[in-house]
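Worksheet for the structure shown next.
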Amino acid sequence: MDIIITLALVFMVWMCIDCIQRKEHFIWIIIMVVLFPVGAVAYYFTVKAKAGGMPRPTILRTPQVRDSVKEVETEETLQLKDMIGKFHKAYHYEKLGHTYLEQKKYQLAVPQFKEAIERDPDSEEARYGLAKAYHGLERYEESAESLEELVKVNKKYDYGNAIFGLAECYRLAGKEDKAIETYKEVINSFHFFKAYYHYANLLDKRGKKEEAISQMKSLIGSSKDLPDYKLEKERYWIDEAYKFLRKNGVELA
């Protein structure tokens with residue numbers, strides 16, 4: 001019995017660390033502690049198992065930092081380079097690319113992902129990684145090109161973050177027509193509040209004030225049924241939607 005309790009405690013601590021790394025709402029930690037060990041099991045199947053692996057930055061969360069081309073070798077990069085030298089597999093190039101992404105070495109990541117795609121054109125992970133590397137370099141058009149190829153075959157990749165990232169890249173690259181079209185597709189399939197907000201703003205820029213107001217109202221309306229932890233994550237966009245409506249003379253009860 002003591003062994004079972006110890007294993008359950010270790011599992012709970014592991015899930016708490018994962019929760020912190022993923023920056024999930026702190027309520028999960030409270031649930032895991034109070035509902036020991038059921039809370040940790042619930043977190044595993046609700047969050048970790050769905051997300052998969054260790055948390056990685058998505059297109060939308062890629063830090064906008066100009067990377068240095070200076071390479072600092074780590075045990076992981078050395079091992080991957082050794083495997084590449086022996087086997088020349090797309091998998092190892094892709095993993096090396098993701099290692100550089102984690103280090104914010106975007107310029108070093110780009111050729112690794114390109115090589116992975118050259119060797120395995122069907123590698124969705126490599127295309128997504130290449131898009132994130134270009135995004136980190138603020139090369140949004142090239143990031144969009146990589147995402148276009150990915151979205152052609154899998155619009156739901158990374159729970160919709162790929163097509164959402166494509167809309168973001170179009171917007172940041174100044175391709176507003178394509179951004180509007182893609183944001184519309186995103187909000188029809190996924191509930192990204194940031195997508196609602198930027199879609200509405202682009203409509204407003206085009207003089208479609210009433211449509212923009214309607215989208216902002218939809219954003220706020222969708223927030224009514226959110227659980228507290230999700231509401232906290234989306235609070236910024238909800239507040240911005242309220243500001244937009246007040247600025248345009250619309251007051252909601």
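Give the residue, chosen from K184, K194, that is under 30 Å from D122 (Cα atoms), charged (D, E, K, R) and buried (at least 18 other Cβ atoms within 10 Å of the Cβ).
K194
Could you check P121 against (1) assigned to a helix (DSSP H, G or I); (2) at pLDDT 95 or above and say which number it fails?
Of the numbered conditions (1) assigned to a helix (DSSP H, G or I); (2) at pLDDT 95 or above, the odd one out for P121 is (1).
May I ask you to say which residue of G207, G160, G249, G221 is out of contact with any Cys (no Cβ under 9 Å at 6 or more places or on another chain), of a type in the set (G, A, S) and under 30 Å from Y106 (Cβ atoms)?
G160
Looking only at region 150-161, decide whether some residue is surrounded by fewer than 20 Cβ atoms within 10 Å (Cβ to Cβ), part of a helix (DSSP H, G or I) and of a type in the set (D, E, K, R).
Looking for residues that are surrounded by fewer than 20 Cβ atoms within 10 Å (Cβ to Cβ), part of a helix (DSSP H, G or I) and of a type in the set (D, E, K, R), one finds at least one in region 150-161, hence yes.
State all residues of region 162-177 that are part of a helix (DSSP H, G or I) and either in contact (Cβ under 8 Å) with a residue 12 or more places away in the chain or hydrophobic (A, V, I, L, M, F, W, C) (or both); if no residue qualifies, say none.
Across region 162-177, the qualifying residues are A162, I163, F164, G165, L166, A167, E168, C169, Y170, R171, L172, E176.
Looking at region 10-33, is at least one residue at pLDDT 75 or above, outside the structural domain of R235 (by TED's automatic domain parsing), more than 17 Å from T99 (Cα to Cα) and of a type in the set (D, E, K, R)?
Yes, that holds for at least one residue.
Quick one: S68 ticks every box in (1) in a helix (DSSP H, G or I); (2) loosely packed, with under 15 Cβ neighbours inside 10 Å; (3) modelled with pLDDT under 95 except a single one, so which number is it?
(1)
Those residues that are aromatic (F, W, Y) and not in a helix (DSSP H, G or I), I need them from region 178-215; list them, please.
F190, F192
Return the residues of region 78-98 that are more than 14 Å from L130 (Cβ to Cβ) and assigned to a helix (DSSP H, G or I); say none if nothing qualifies.
L78, Q79, L80, K81, D82, M83, I84, G85, K86, F87, Y91, H92
Among the residues of region 68-86, is there at least one that is in contact (Cβ under 8 Å) with a residue 12 or more places away in the chain, closer than 26 Å to K178 by Cα and assigned by TED's automatic domain parsing to the domain that holds A162?
Checked region 68-86: no residue is in contact (Cβ under 8 Å) with a residue 12 or more places away in the chain, closer than 26 Å to K178 by Cα and assigned by TED's automatic domain parsing to the domain that holds A162.
Any residue at all in region 229-251 that's of a type in the set (D, E) and outside any helix (DSSP H, G or I)?
yes
The values are calculated or read from the model by the stated rules, or taken from the named source; none is laboratory data. Just so we're clear, the structure is a prediction, and the values are computed from it rather than from any experiment. For neighbour counting, all protein chains shown are included, and Cβ atoms are generated from backbone atoms with ideal geometry for every residue, glycine included.
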